[in-house]
Structures are given as C-alpha cells and as structure tokens.
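First up is the structure itself, then whatever we jot down about it.
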Amino acid sequence: MVEKINQIEKETLDELSKVKSLDALEEIRVKVMGKKGSMTEILKSMKDLSVEEKKEVGKVANIAKTKISEAIDAKKEELENQGGSDKFFDYTYTLPEKVGTYHPITKVQQEIEEIFQGMGFMVDYGNEVVTEFENFTSVNVPEDHPARDMQDTFWLDNGELLRTQTSAQQVNVMKKYGAPFKAIVPGRTFRNEKVDASHENTFFQLEGMLVDEKVSVANLIYFMRELLSKVLDEKDLEVRLRPGFFPFVEPGFELDMKCKLCGGKGCRTCKNSGWIEMLPCGMIHPNVLKAGGIDTEKYSGFAFGLGLTRLAMMKYGIKEIREMNSMDIRKLGQIR
Amino acid sequence: MFISLNWIKEFVDLDGIDIKEIEKRFTLATAEIEGIEEKGTNIKNVVAGKILSVEEKENLKTTRVVKVDVGDGKEHQTCCGAPNAEAGMIVPVAVEGGTIIGLDKVTARKTGGYDSNCILCSAKEIGISDDHSGLLVLPSDTKLGTDIHDIYPDMNDVIIEIDNKSLTNRPDLWGHYGIAREFAAIFKKELKPLEMAEIKEDKNLPNLDIKIENDKCNRYTGITVKNIKENKATDQMAIRLFYCGMRSISLLVDLTNYLMMEVGQPMHAFDKRTMDKVIVSSSKKDEKFVTLDDEERILPENTMMICNSKGPVAIAGIMGGANTEIKDDTDELLLESANFDAGTVRKSAVKLRLRTDASARYEKSLDAELTPIAIKRFIKLLKDRDNGVVIASNLTDVYKNKRPEISIDITKKYINDMAGIDYSDEFITECLERLEFKVTKKDDTFHVVVPSFRATKDISIKSDLVEEVSRIYGYDNIIPTPIELPILPVSLNPVKELNDKVKTILTERYDANEVHSYVWYDNDFCREIGINPESYLAIINSEDGYSARLRSTMYPTLLKCASINAKNYDEFMCYEIGSVYNLDKNKHSDEKLKLGLVLANRNKSNEELFYEVKNVVKNIIKRTRGIEISVKKTENLFEAADKSIACDVYANDVKIGTIFAVNDKVASKTSGKVKLCLAQIDMDKVVELAEAKITYKAPSIYQETSLDFNFLVNKETYLDDMIKYMNEFKSDLKYQIKLVDVYEGKGIDDDKKSMTYNVIIGRDDNTLTSEEIDGFYNGFLKQMNDKGYTLR
C-alpha cells in the first residue's frame, strides 16, 4: 500500500508539472484528492488495516497528501499568476451585430444646431403646413409675385399650403422672442416639382436670423464666413457677396464660397467661375421686421438660408437626392 | 438674356476694360453673368469670291462643280450642293486652311473625281444666321478677296449671357440700354443718350383713336407710319438679333424686336389697313382668338385684349393676332408701345401657357415712361433704313395710370450703419447720381428722387439705397467685421432636446435605423396592402401625380418602410420623427409631431415583437421623462392592427401613444413572412410631461426578507391588474413585488397559468421578527385567495 501511495504521489507530481490550465489542475485535484479520488480511496481502505500498519501507512499517506496539496496550491498560484491558459482562443471572432444609424440630415442638422446654440441662437421649428400669410405675405412676397403661383407650391384643400421655405417662420419667431434675438429654424420644406435624381419635392432648409442694434452688411459677411468655416470644417475660407433678390431681405445677396477644388481658377465643379453659390442671405426687410413687431428705427438684422439637404449630400457624397426620402436602409443605414 | 458688347458700346465706351473685369464687376454689382462667348473670331480665311461656272456632272447626284475666283489669281474649285449657286454671284468662300462653323479646317480633296479645295458658305456657316437654305449672296460690288469680317464688321462680337433669374427685380435691365447704364455707373463712364427721332405735333395729321377700357392698361402710345418700301433689316441689326437669340424676319418685325432688346419696351406693329381704332378691353367668356403663330386659343375670361372696331387683334402684352399681322405688301403700320400691369400679363401668360419675350418683360413691371421713347427710337432707326417713310399720325398717347414719383430721405449715418462702412457724402451722392438718381442734400439728409425706371417696384425704401451705394462700392471691398453682442445663456428648445435624446436611444441603444419619408400617403401602396387610412388635408395641385392626401398617422409610412426593407433584411427596427396632420374646428391644419417605429422580424412571433416594442417605448419615456408608462386597451384600433396584440400607452394618465402588431392579412401583403409591430408616440404630449424628479433613497440598513409566491390564476388574467391588486394590500411593513416567471402548459390546466412573484419585505427601523414575517405572509395570501389567486 505504501508503494501504491508513493506511486500515486510520483505520478501526480509528474502530471502536475505538465499542467497548463487551471481547469486541468482542478481535474487532477478531483482525480486524486476528490471524494472518489485515488488518494482518498486509499485512505478510505486503510480502515481494514491493523493498528501498526495504520500508523505506518498513515504517516506515508499524510506526507504524500501534504506534498500533493502543496504542489497543487503552488501550481495553482503559478497558473493564476500567468493570467489564464495557453489554450487556443479565436479572438478574431466577432459576435453578430446590428448598428443603428441616423438619417444623414439629422447628423448635419444636429451639428449645425449645436454650432448655433454655441453662439447663443435659439432653435425653433414651426409647422410644415402654414397659411399663405405666413409663407408669403408675412415675408413681404407681393400679392402677384410668381412664387405664389400654383406651380411652385403644394396648395391644400383648406386654403393652406405646405411651406415652401423655412422663412415662413420668420415673423412667428420675431413675435415669440422680440428684439434683440438670434434664432435658427431648421425644418422640412416642400416644392411642387417633379422628382428626379437632382430634384425633390421634400427637402430640409435652415433659416437663420440675427436682430440687434446696428447690425450691418459687414457683420453679415463676417458672420457667414465664420459660420461656413465651422460648418464645412475649412480654414481660410473666402466668401463673397453679390446681389440677389429675395423679397424678405433688402439688400439681398447670394453668398459664394471660393471653390476649394481649383482655388478660384475655375473648374467643372464651380462651372468655371471660381466660386460656388452657397446660400441666399441679406438684411431683413423692414416690412418683415415690422410684421414681427420690431422697431425698424432701432433694430436691424440679417437672415440667411442654408440647404440642409444639400449640405448633407455634400458631406456624405450622396449623389441622388431621391435617396434621402427613400426609407431604404441599404442606402441610408450608413450614418452612425 | 444675351447681351451684345458691340451694341453696348454704342452707348458706353468700354475700351481698355478687360472682358474678365467686366464679368467680375457686373456679377458683383448687378447680376450673375453665366457665360461669355466670343463670336466671329472662329471664322477664318473666308473671302468674297465670284462664281465663274456651275457645271452638273453625271456622277454627282447632290452637288455641282463650281469654279470661283477669289481675286488671288488662282483657280478654286469645289463641289457645291447649294441650290442657288449661279455663275456671276459673289459669295463667301472658305479657302484652303479656312475655318467655318462645323468645319475646323478646309482641306483639298476629291469628290467623285473632281478637285474640291474650298467651300462656298451659307450664312449659317459663317455664324451670322441660322439660314442654311443656300449660299449667302454678297453685294455684287464686293471686291473679290475681301475678308468676310470686313464685309460684316458686326460679326465679331462678344456675347454675354446674364442669368434671367437675377434680373427679376430689375425691369430696367431687360434691354441693352439699361445694361449700358449699369456698365457706365460701375466703370465711371459716360452714358451716351439714346438717339431718337424728333416728332412734333402736326395739326394736319390725325390723332389715333385710342380708348382704354381696361384699367390694367397703364399707358398706350401709338403712331402710324406709311410709305414703307424697304423690307430688310440692316446686316448689323440682323446679326445682333441673331446673336441675341432672335431670327431676322422682316424690317418691321425686326425693328420691334430690336427695340425690345434695346430699350426693353415690347412693341407691336399692326398692318394699318386692319386697324381703324384701338380699344384696350377684356375678353369675353369662351372667346377664341388666333394668335400670329396661327394657333387658335381659347381666351380665359377677362384677359386684357387690344381690339379694333370689329374685335380683338392682340392679347395685350403677350402676342399679336393673325388678323392684323404685317404682310409682305404692308406699307403702312400702326405701331403700339404700351404699358400693361405686370400681374395681369403674368397671370394671363400662365393661364394661356404662352410666355413670350414681351410677357417676360411686362411681368417685371416696366417703366411706363418708356412708351414714347421706344416709338421715337423706332422711327429714328426706321428712317435711317428707309428715308422715304412718312409719319401719318400724331404720336398719340393715352396715359391712364401714372405712377407717383418716389423720393426717399436718408442720412449718411443710416447708410453707414447698415453697410458697416464709412462712406463719404461725396461718394454717396456720386454713386446715386451715376445711377440717375437725383440727389439734394440738406443738413444731414439726402433727398433722393428715384428715376422712373427704378421706381416701378425695385426701389422704394431706405435700405434699397444702401444696396445701391454698396453694390457700386463693391461688396468685396467691405471689410468683414465681427458683431459685438452681450453673452447670455441660451434656453434650449425642449422639442430639440427630446427629439435628439429619443433618436440617440433608438439608434445607439436599440440599433434602430432612422428614416425620412414623404408626408403624404402612397395611395398605390395603401391599395396594394388593402388599407384606407384617414386623411383630413389634401394637396390640390400636385405636379407629379403624387398621392394628394396628407398623413394623419405614421402607420402607412411605417408599413411602406417595412415593405421596402423586408426585401433585404430579416430583422430591423426603423423610426421617423415626423408630422401628421389633422384639422381643428376652424378647418386649420392641426399638426402634431409623432415618433413612428416599426420592428420587423422573420423569426419572432407577433407577441414577442410587441413586448420588445413595449420595452423600447417604456425605456424612452423612462429615460427622457423618468416616468413609468402604463398600458390600456386600445380605443381606436388602426385597421392594420392585430386586434388582440395592441395597447394604448399612458404616462401620468395622459395617453401618449399606441403599440400594435400588424395583423396577418396586412403583414403578408406588406412584408411577406416578416412579422411587424408598429408604435406611434405623440412627441407633442411627451414633451409636455413634467420630468419626474430623482429623489435619492438610501437602502434599508436592516435585513430584508424575500418571499416567493407561486399563484395559479385564470389564463386571462392581466399582469397589471394582478400587480395593482397586490399593491392594494395594507401592511405596516414596506414591501416590493416583482414578477419572476409566468408558466403555462404541462402540469397546469388549460385555462390556467402559473405566476411566480418575489416579494421583498422589511422595515426601516428594525429587522423583522418571525411573527411579523408570518403575519405578512398569511395576510397577503388571504387577500390573494379572496380574489381567487391560489397558491399552486
């Protein structure tokens, strides 16, 4: 029996020296020292021995047991210190995942809203269905202006219409905040157009307004330049104003940005002019300020419009405007 | 609009100014130049030649062999297809190496065995007309060998294309003279006066019988001219018209067009034989009229018409009639130069679908002062061409609505404050005067009288003058200046806050995809899947035949979204925050912001999807408002809903939305085997829910006791009802109930289910005694048994 104990001790210590994982170590522990382990069994069978024999074998067994236990503990510590096993593990495997996405316009809109909020602008939305007064009259579009014609506007059977411009919100915003104020109105706008790769009847604009004492054209240029630099993430951006006619501003401008592709020399992107038309803007027309209840002798301000849909398409390189409203996540499910 | 630089130079000297500079300054000061085209310089080595002989050859079917002499002593021959080629004729000849329209280089070659080393040209081939019917015949006294550019000095020109849209508010720029005035102001040059015929009142001549019955005619000026023999415009006029996009037709027609393009005043020439009098009136109902393009048109009622004693002869401001058209033998004409109301002309042109060069100008609000000027200029040009013409009536002028003169008082301070520039008094005065404003200064105030051609709608207020001064100064010369404003905290928009947060939760926690859609139903799609959703507002004039009904719910949009994406994906969640539209009691649009959500999965049951969506909604409301939602039976079931798997969602007893699984009938047509669950949440109501305050609660420091209850209940028991009943239990102890498991099936009667709850009980001030625990256990169980909830 002593021999057997010695054999178990030898074999176990031998095995222990080769063990490479905690799991395997535990296996050995159970095999030898567990309830039905080889060493335990031997100890159990000692009950049949004589007292003398018990004494002798017991001594040997206790020493062996202690040795094995110590060896196991030592090995355990060694392995734990190693920080795991050497077993093959495929760390390249990835669990199946689905990644949620935002609509491209949401991303661009949120970015721009945050830029404006950082500059102290209020964000407002307003309704998509508005009255003829809101969409046209309040922003100084004359009674017989072609823009009021049937062909550009979706008219509704209750006499109201789907707003053709976020400018429809100008006067409401003025009334809401009163002068001085700074606000933007992003939102969905509509034009009664045939839809194709570059035309949509539903798109997003952002209207911006700043009204205060002594706001000037020079301020407008500075502001728009800084804003576009931030929005387009472009340093040393050059902008220029040229006359543009919009009933709700006077003077009204088209703001161009120097073409970055050709540096202003002229290329296909800028139609050889060296400049890219970016946005309409201007000093808010006194009639509009008046409609908003603002004292035109004391206050002046500027307004501008940004095409959010166009900016989103530029930012992500989306070629077809139709995709924006397609609801197809193969196309739109890319903006994280 | 096309502008000829030669024409402009008749009125303003632009020598020494580079065309690039013109382009830049005009674009910055006035209107966008879309293109610049050099004309004539592309025609090279084309000279006058005399046709010596024209021979037909048997093997040549469409051409004849023509010999020409171009005065260089060499023999030139070509195979020419022109039907009018005739010996003795002087024609343009493109000699070897020459360039004409459509051919970069003339080379010697053989046609049917005959030498061909030059090309005889039509007017089209040298670019001065689109006439390609035959060879251009040059005057018989043209010296052979003369370069074509010397014969037609006007063929060398620079044509500037101006963006029409940027001229909508500038009626004065719809003619060359107006553009020349602008150039003169921009480049500080003198504007030459328009040369006009002097027409004095003559007692021996009759006045025209002109009557204005329609008050939308502001002014009607007319004259008659007789003894017109010449029928062809000068080459110069014909070439200019062609370069500016018109075709030369006959002297009188060309002259009216020329005047329109020069002074911007549309004119009309009637054959005098058909015009006994002029009456400006209105069309009657269903009246028909043949315009001079020989189209019979049905006139909208009350269209402004020019009439003679018999009836209509022209649609005012749009197009003349066939009945009074100038004929080849017309030698006496009645010339109309009139001013009509802009809106009236525009509306008629839209209704008739007939937009002409004339109507395009009238609709910009032309200056009524132009009408006699145009006539005097017309007569001058006509007499230049045909000095035998005789004026046969007095210049008759009926001026019905004269606009009041506009004057504006403005201070330098106002201009400088708005521009952000320090203009001097002198600069302001000079700028305005160069643009033909009359300026007088008294103390600090400029008294500015607006010229009539700018006063029709363009300029009426102070800021208009700021624009005039600044654009001439050059916007590119204004130094960008930062705005100095006080720094104040900004209030955030709660709608934005909520929208952004909800989008973040859906996209980043639930990996949903945000979509955008149209705000109207897709009727075809609705029909296909067999739903007929309600709509309260309809588009009455959709251009593209879109569905004309605005959505009153997000569900059809969500179904469409599911149908598009189920083709490519077995599972997805899409959402949109968008508007739906109802009507209020005044029939005004009542627009509400909704979150629409669709969860789709091929491998899950409707019940599973419903519970998932419910959890999403629960999480959204909890995260954004700190409120636990509750649910109730749906009041108004959407037609696509599965009746049983549906509920309304409440927060603080306010209904904020609905969740339902889509019934099999609609789902199978929408997304095949992919199951769908929809939710619509009223963002307008959620935003108004007061956010629940977070109050910190310390956990009890005493040991709590956990009790498990496994009840056997009727299958049709709602969890909410049971929990609510449990929570009605009155006890001194604090307790918290949580559902652990629901089980139905093996070992349980078909009409029952087993529900296991865990109840944690405790006190804030002490550890529970076993009597307290037993007391709670027994009391709670008794209350449950009373309701028929028995332990399993």
(request) Select from the stretch A:222-242 the residues that are facing another protein chain (nearest Cβ under 7 Å) and closer than 24 Å to B:Ile162 by Cβ and write down the one among them that is most open to solvent (accessible area, probe 1.4 Å). (result) A:Arg240
(message) Show the residue pairs meeting these rules: Cβ distance below 8 Å; 6+ apart or different chains; first residue within the stretch B:271-296 and more than 16 Å from B:Ser348 (Cβ to Cβ) and in contact (Cβ under 8 Å) with a residue 12 or more places away in the chain; second residue exposed (fewer than 14 other Cβ atoms within 10 Å of the Cβ) and among the acidic types (Asp, Glu).
(response) B:Ile279/B:Glu213; B:Val290/B:Glu296
(message) Could you list, ordered by first residue, the pairs with Cβ atoms under 8 Å in which the first is in the stretch B:307-329 and assigned by TED's automatic domain parsing to the domain that holds B:Ser348 and the second is open to solvent by 70 Å² or more (accessible area, probe 1.4 Å), at least 6 apart or interchain?
(response) B:Asn308/B:Asp276; B:Ser309/B:Asp276; B:Val313/B:Asn323; B:Ala322/B:Asp294; B:Asp328/B:Asn231
(message) With open to solvent by 10 Å² or more (accessible area, probe 1.4 Å) and more than 10 Å from chain B (Cβ to nearest Cβ) as the only criterion, which of A:Ala168, A:Ala197 stands out?
(response) A:Ala197
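Every residue, every condition in (1) in contact (Cβ under 8 Å) with a residue 12 or more places away in the chain; (2) over 22 Å from A:Lys87 (Cα atoms), yes or no:
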| position | (1), (2) |
| --- | --- |
| A:Glu9 | yes, yes |
| A:Val19 | yes, no |
| A:Val30 | no, no |
| A:Gly37 | no, yes |
| A:Thr40 | no, yes |
| A:Asp48 | no, yes |
| A:Lys55 | no, yes |
| A:Lys65 | yes, yes |
| A:Ile72 | yes, no |
(request) Note down all Cβ pairs under 8 Å where the first residue falls in the stretch A:205-234 and is on the phi > 0 side of the Ramachandran plot, the second is surrounded by 19 or more Cβ atoms within 10 Å (Cβ to Cβ) and at pLDDT 90 or above, and they're at least six residues apart or on different chains. (result) A:Lys214/A:Ser300
(request) Among the residues of the stretch A:201-218, write down those that are facing chain B (nearest Cβ under 10 Å) and open to solvent by less than 10 Å² (accessible area, probe 1.4 Å). (result) A:Asn201, A:Thr202, A:Leu210, A:Val215, A:Ser216, A:Val217, A:Ala218
(message) Among the residues of the stretch A:5-22, what is the count of those that are open to solvent by 90 Å² or more (accessible area, probe 1.4 Å), modelled with pLDDT of 85 or more and of a type in the set (D, E, K, R)?
(response) 3
(request) Looking only at the stretch A:85-97, decide whether some residue is surrounded by 14 or more Cβ atoms within 10 Å (Cβ to Cβ) and within 11 Å of chain B (Cβ to nearest Cβ). (result) no
(message) On the basis of being open to solvent by less than 50 Å² (accessible area, probe 1.4 Å) and of a type in the set (Lys, Arg), does B:Arg273 make the cut?
(response) no
(request) Could you tell me which of the residues A:Glu134, A:Glu77, A:Glu113, A:Glu143 is within 12 Å of chain B (Cβ to nearest Cβ), farther than 30 Å from A:Glu320 by Cα and in a helix (DSSP H, G or I)? (result) A:Glu134
(request) Return the residue satisfying two criteria in turn: it lies in the stretch B:730-745 and is touching a Phe, Trp or Tyr at 6+ places or on another chain (Cβ under 7 Å) and in a loop (DSSP other than H, G, I, E, B), and of such residues it is least open to solvent (accessible area, probe 1.4 Å). (result) B:Leu733
(message) Checking the condition of a type outside the set (Val, Ile, Thr), within 30 Å of B:Leu366 (Cβ to Cβ) and touching a residue at least 12 places away in the same chain (Cβ under 8 Å), which residue from B:Pro171, B:Pro139, B:Pro193 passes?
(response) B:Pro171
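Yes or no, residue by residue, for (1) closer than 30 Å to B:Ala123 by Cβ; (2) assigned by TED's automatic domain parsing to the domain that holds B:Gly311; (3) in a loop (DSSP other than H, G, I, E, B); (4) out of contact with any strand residue (DSSP E or B) (no Cβ under 6 Å at 6 or more places or on another chain):
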{"residue": "B:Asp215", "(1), (2), (3), (4)": "no, yes, yes, yes"}
{"residue": "B:Asn231", "(1), (2), (3), (4)": "yes, yes, yes, yes"}
{"residue": "B:Arg247", "(1), (2), (3), (4)": "yes, yes, yes, yes"}
{"residue": "B:Asp254", "(1), (2), (3), (4)": "yes, yes, no, yes"}
(request) Could you grab me the full set of residues in the stretch A:146-163 that are open to solvent by less than 10 Å² (accessible area, probe 1.4 Å) and not in a strand (DSSP E or B)? (result) A:Thr153, A:Phe154, A:Arg163
(message) Considering only residues that are over 15 Å from A:Ile68 (Cβ atoms) and either of a type in the set (Ser, Thr, Tyr) or outside any helix (DSSP H, G or I) (or both), which ones fall in the stretch A:1-45?
(response) A:Met1, A:Lys20, A:Ser21, A:Lys35, A:Lys36, A:Ser45
(message) Tell me the residue from B:Asp367, B:Asp384, B:Asp328 that is open to solvent by less than 30 Å² (accessible area, probe 1.4 Å), over 15 Å from B:His268 (Cβ atoms) and acidic (Asp, Glu), please.
(response) B:Asp367
(message) Regarding the stretch A:206-216, can at least one residue be identified that is touching a Pro at 6+ places or on another chain (Cβ under 8 Å), within 26 Å of A:Leu261 (Cβ to Cβ), part of a strand (DSSP E or B) and assigned by TED's automatic domain parsing to the domain that holds A:Lys315?
(response) yes
(request) Those residues that are of a type outside the set (Gly, Ala, Ser), farther than 30 Å from B:Lys229 by Cβ and part of a loop (DSSP other than H, G, I, E, B), I need them from the stretch B:295-350; list them, please. (result) B:Glu295, B:Leu299, B:Pro300, B:Glu301, B:Asn302, B:Thr303, B:Ile318, B:Asp341
(request) Can you tell me which residue within the stretch B:164-204, out of those that are open to solvent by 10 Å² or more (accessible area, probe 1.4 Å) and small (Gly, Ala, Ser), is nearest to the other protein chains (Cβ to nearest Cβ)? (result) B:Ser166
(message) Going residue by residue through the stretch B:720-729, is there one that turns out to be under 25 Å from B:Gly626 (Cβ atoms) and exposed (fewer than 10 other Cβ atoms within 10 Å of the Cβ)?
(response) yes
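The values are calculated or read from the model by the stated rules, or taken from the named source; none is laboratory data. Bear in mind that the values here come from a model prediction, so they are computed numbers and not experimental data. Counting neighbours? That spans all protein chains shown, and the Cβs are built from the backbone with ideal geometry, glycine included. Only protein heavy atoms, including side chains, enter the accessible area calculation; ligands, DNA and RNA are left aside. Shrake-Rupley method; radii C 1.70, N 1.55, O 1.52, S 1.80 Å.
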